[in-house]
Amino acid sequence: MISALRNIWQSEFFRNVATLISGTTLAQAFSVLIYILLSRIYTEEDFGVFGLYMNILNITVIFSTAKYELAILLPKSERESINLLGLSGMISVLVSLLLLVIVIPMNDQISRWLGSEQISRWLYFIPLSTLMVGWFTSFRNFSNRQKRYKLIAGANIGQSISNSLLKLGLGLLIAGAAGLIFGVIFGQVVGFLIFFMVHWRINGSKVNWMSWSEMKRLGLKYSLFPRYNMWQGLINNFSGAFPVFILSSYFSTATAGLYTFGYMILYRPVNLMANAFYQVMFQRFVEKKHINSSIRPDVLLFLKRSIQVLALPFIVAAIGFPEIFGFIFGDKWIEAGRYAQILLPWIFMTSLVMPLSFIPDLYKKQRVAMIIDGVKLVGRLTGLAVGVIMENVYIGLALYSGLSALIIGYSLFWYLQLVKENPPVDEQDQL
């Protein structure tokens, strides 16, 4: 038994995942403790405005790099990877400037579309957040390529702790959603600076590797990412933002705030853990692709272990989430626990599939992945529309969650068929 455990720990894959998970677990534990305090400082309406801000950001960040940050891991040549990092960073700057040009004249109109005058002043900060997230994800993927998992964990911790502390400090000083939004912006800046300072010290001399001609060549070589991954991401994130937009417009900002709070408490730890596995597995499977090796055994083992680990926590949450929320955060958040309870089927399937979502990239099947997410978008919107027509939040969220889980389950089945048939295709093969 001791020998088996020693062999597992000596596995590079396990140590890399453990490094990332240790960082994300610490960051998440700190965030949950802070949220116990934040739930007593901020109102449901404050979280509603914050939810609108974050869901707008989730849409704009899809354009921030045109999804070229995903290609950073793929080349065998580090020179190409450096140029893809530069390409992603420059696109982030251009997109952020374009957003600023859009937000200034259309601020009032966008606020009316969202059904919230309170979001108006915060729209001006969307370009800055978009830039920071674009740079952060680009450097994170470059760090992943270089297997700098301690750096990724450190950036995650720095981002989370700085984010949470400012939310808490400003919440005690300023009324409204200002503390929540300024906190997340500050965390984004800190996370980016950690990556930038370390990589400038280590890789600063390689900046002269970047050239316009090389970036243009690589932009064409990896054109599948903006052609399909970007639009797939937009479809997926837009459909994920539907609940907040619709709850705010057709019910109330407070209802959107309860949903946002419940969703964040449920989804954030799942997202952090899934991203840890995604980063290590993507890097590992790219290496296998270079040697034309099958990834099916690794995929099946991951699914088996994930189900074993996640089954019990999700069962407990399904039984007692409202009571757990009321006990930890206070009675006014019991309703948020009910919303989170309804979302469990969707989040459970997401926890299994998100770490494997790079598989279509390895097989050059981004177009099919985009179509599947398009179907999910229609299903989610239909479910929420039924809830609006029936004036019942629970029915809308239940249909949204159930249809999401069903379609994500189909994605998982498709992934398994892909890895069963062939090894990943070579990066030179383009559609």
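Listed values (i) 143; (ii) 158; (iii) 316 include one computed from this model; for volume of the Cα convex hull per residue in Å³ that value carries the label (i).
For the stretch 309-399, GluC sites (Glu not before Pro) meeting the loop criterion (DSSP other than H, G, I, E, B) and having at most 11 other Cβ atoms within 10 Å: E391. Only Lys, Arg, Asp and Glu carry charge here, each on its Cβ (+1 for the first two, -1 for the last two); on that basis the stretch 2-421 has a dipole of about 1660 debye about its Cα centre. Counting only lysines at least 8 places from K147 when in the same chain, those with an alpha carbon closer than 23 Å to its own are K67, K76, K206, K288, K289. Taken as Cα centroids, the stretch 127-175 and the stretch 213-234 sit 25 Å apart, rounded to the nearest whole angstrom.
Less than 15 Å Cβ to Cβ from M370, Lys/Arg counted +1 and Asp/Glu -1: what total charge do the surrounding residues give? Computed value for this residue: +4. For the chain, build the charge dipole from Cβ charges (+1 Lys, Arg; -1 Asp, Glu) around the Cα centre, then report which of G379, A311, I334 sits farthest towards its positive end. Selected residue: A311. The mean sequence separation of alpha-carbon pairs under 8 Å and at least six residues apart, normalised by the residue count of the chain, gives a relative contact order of 21 percent. Round to a whole angstrom and tell me the spacing of the C-alpha centers of the stretch 341-360 and the stretch 99-115. Each part reduced to its Cα centre gives a spacing of 32 Å.
A simple count of charges around A317, restricted to other residues whose Cβ falls under 14 Å of its Cβ and scoring Lys, Arg +1 and Asp, Glu -1, yields +1. Modelled spin-label separation between M90 and D108, with each label point placed 7 Å from Cα along the Cα-to-Cβ direction: 3.9 nm. Here the label points at S252 and L173, each 7 Å from Cα along the C-beta direction, are separated by 3.1 nm in the simple model.
Read-outs: derived from the displayed coordinates by stated rules, not from any lab. All values reported here derive from a predicted model rather than from experimental measurement. So basically every Cβ, Gly included, is an ideal-geometry build from the backbone, and we count neighbours across all protein chains shown.
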